[in-house]
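Any read-out appearing in this document is the output of simple, stated calculations on the displayed coordinates, not a laboratory observation. Note that the structure is predicted; figures quoted are calculated from it, not measured. Methodologically, a virtual Cβ is constructed for each residue, glycine included, from the backbone with ideal geometry; neighbour enumeration extends over all protein chains shown.
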Amino acid sequence: MHLRQWQSECVNRVLEHFSAKHKHFLCLATPGAGKTIMASEVAVQLLDQNLIEFVLCFSPSINISQGIKHTFSTRLECRFDGVIGAVGCSYTYQSMLSFKEDFWQLLKQNRVLVIFDEIHHCSGSSPEDANAWGEEILLNIQNQAEYTLALTGTPWRSDQAPITLSRYTDPDNQIQCDYIYGLREAVADGVCRSPNIVLIDNERISVTDEENKTKTFNCLDALFQGSLVTYQSVIKNSVAIRHVLTLATKKLDDIRQHNPNAAGLVVASSIEHAAYILNMLRSEYAQTAEIVTYKEALPSLKINEFKSSTTNWIVSVGMISEGTDIPRLQVCCHLSRVKTELYFRQVLGRVLRVNKAINQEAWLYTFAEPKLVEFANRIAEEIPGVPVIFRESETVTDSAVQGGIEIIRSNSSSQDEHKVRFSTPHKNESLFPILAPPNDRDLTWGQSPSFEILGGFREKVVSTFNSPF
């Protein structure tokens, strides 16, 4: 297999690291750079040198797990499904929670390489402060595996918790990566597309409060600071959605003149929001479009079918935010209510993977919300300068569940610290209501001041790394 230069360098670094009696290796490589291929080459080299006997891979979703299985099976030229005769298997992190002791005996009785894709999903430096996946790694893998290879494109967590198996500097608690291949290098090498981020604003927004008083704002930043109108209200506004889709569909149509197979992704906020956008794409813009959410019967199958189809758009609620490999995606609309830098970069990563098409433009459209503007303007930074927080063990006193996110309040000395974990809904329970796509009204969640977008829209394009587009 022909490796890219960075992949070859990283493989050599990993092997040197392991030969020096270090067991754990962390690789930061920008989304779309080809981390899985690099990891499969490490596995081949270790097997050929008789340093391991088995390979286990863990990742955050079924789609990513299936992609890893295919890559490793191809590179190892054998089955990678865990059955007799296979040299490994690919699982999701969630599956770790159902493994019994007889499974973990595999690591105690054999020399096993364990590979973690998007390791930042696993947190904790000890079982006491770990999340569920991190705890399984610490208890059953950390000291039992012959070697571990952790991969990530975004090596930090929004809650600033330590990433499992990672090392941090003292005293500033910055993560230490054993190999870094950044987006700047990937763009220069032609490994990733150069991103263009379009920040959409408006020059006249009128807000009427409960006392029927009206204020006018000349930008979104002023709107959010000077009124009770929220970012969520803007991304659900029909005028705002229509403007984003007008820009994005036009850009995709332009790209498809050269790349007939090019596609777009809309990351929506809820199932209702996604259904509304899907209806608008089909009825107003005459676009072919599909929707994929956790409510679908076979969402992984739907994503796989979209990869090789000619459908223009796929509308998702968190199902294609990370790790999913769809190289024909070149346009993305970030309309999620999640506004963390981690999520922003993961969404952007969906349009960065290069393919053999003529046009290699990559465009992301979103609103000029202050945090998103900040994230867009520092996309060249691989690791934001926010140190990790090592928390002492906490005793839970009470908890509240809000929309599938459980906020756990503790009796810690810091009154402002909360742990946040995602709770899994019952199989028949939805985190968001499923409603018929509205015709031409704004989606509403709770009460908020009424507002109208009256002025002209304006766009600022952040062309990272001197993009020629």
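Extension gain for residue 257 to residue 99 (0.36 nm times residue separation, less C-alpha to C-alpha distance): 51.9 nm. Residues whose amide H lies under 5 Å from that of residue 204, counting only those 5 or more places away or on a different chain, are 454, 455, 456; hydrogens are built 1.01 Å from N in the peptide plane. Annotation: aspartates and glutamates with alpha-carbon distance below 15 angstrom to residue 215 (same-chain offsets under eight excluded): 203, 452.
Pairs with C-alpha atoms separated by more than 27 Å, drawn from the list 250/460; 251/356; 35/460; 339/460; 35/307, are 35/460. A cut-off of 5 Å between modelled amide H atoms, ignoring neighbours fewer than 5 places along the same chain, links residue 339 with no other residue.
For the pair residue 355 and residue 2, the difference between a 0.36 nm per residue extended length and the Cα-Cα distance amounts to 125.5 nm. Put a dot 7 Å past the Cα of residue 389, heading toward its Cβ, do the same for residue 337, and the two dots end up 2.2 nm apart. Projecting label points 7 angstrom from Cα along Cα→Cβ for residue 77 and residue 250 puts them 5.3 nm apart. Listed by chain and number, the aspartates and glutamates whose alpha-carbon sits under 13 Å from that of residue 295, ignoring those within fewer than 8 places in the same chain, are 272, 429.
The Cα center of the range 186-252 and the Cα center of the range 27-73 differ in position by 39 Å. So if R0 is 22 Å, what FRET efficiency would residue 208 and residue 371 give, r being the distance between their Cβ atoms, rounded to the nearest 0.05? Once the sixth-power term is evaluated, E becomes 0.25. Applying 0.36 nm per residue to the separation of residue 48 and residue 143 and subtracting their alpha-carbon distance, the gain on full extension is 31.9 nm.
Just to verify a number: FRET efficiency for residue 21 and residue 126, C-beta to C-beta distance, R0 = 25 Å, to 0.05? Step by step, r from the Cβ atoms, then E = 0.60. Near residue 371, which aspartates and glutamates are there with a Cα under 14 Å away, not counting those fewer than 8 places off in the same chain? Result set, ordered by chain and number: 201, 221, 341. Starting from the Cα gyration tensor of the range 196-335, take the square roots of the eigenvalues, sort them a ≥ b ≥ c, and report rounded, prolate or oblate (rounded when a/c is under 1.5, otherwise prolate if a/b is larger than b/c, else oblate). Taking the square roots of the gyration eigenvalues as a ≥ b ≥ c, the range 196-335 is prolate.
Taking every alpha-carbon pair in the chain and binning the separations at 20 Å intervals from zero gives 22, 56, 21, 1 percent. Sorting 313, 156, 104 from the fewest to the most surrounding beta carbons within 10 angstrom yields 104, 156, 313. Remark on the range 5-187: hydrodynamic radius 16.5 angstrom, per the Kirkwood mean of 1/r across alpha carbon pairs.
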